[in-house]
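What follows is a single structure, written as structure tokens, with notes after it.
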Amino acid sequence: MSKLEDKVNEILGIESKEPKETKEFKPLVPRREDKQKADIDNDYDYSRENYYNLIERGQEAIQGILDVAKEGQHPRAYEVALAGIKNVADTVDKLQDLQGKLKSLKDVPKTANQNIKNALFVGSTAELQKMLKNDEDIKSKNITPEKDDTKDK
């Protein structure tokens, strides 16, 4: 505080307060990374913990808002409480979707090795003919020579 503020506080009989220290923001759910797990699993665990934390905080906030709404009997307070309930419900849905997303990410390598049933060529007709001609040339070079039937007779 400045000298002027100190003098004014002294004249008015106000005790000067120490300035509050600013604290660094620390996330409620710290990011922990397990080197033995894949990034997908680490991200899943972190997201899951954050969703749980959001749901718990939302439930606490809803309870407080409902207490205020009951005391004041104001329609806007109930509207805010219902919006909070909807937000918590949406977060629960996101937590459920997270399970499905993880499953689909882990199933991709298993489905990638399956045979291709319908292939699509994207190009011009001339390019397709060149490709087919080159394929025929390769096949004709790899054919084994025919047996000579005249030697057997």
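What follows is calculated from the coordinates using simple rules that are stated; it is not laboratory data. Nothing here was measured: the structure is a model prediction, and the numbers come from that model. Quick reminder, even Gly has a Cβ in these numbers, built from the backbone with ideal geometry, and neighbours come from all protein chains shown.
Summary table
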item	result
Cα Rg, Dmax, segment 31-131, angstrom units	24.4, 82
Ordering of 96-105, 118-127 by packing [mean C-beta count within 10 Å, highest first]	96-105, 118-127
Segments 34-47, 74-87 sorted - mean Cβ within 10 Å per residue, highest first	74-87, 34-47
Packing-based order for 49-55, 9-15, using average beta carbon neighbours within 10 Å, highest first	49-55, 9-15
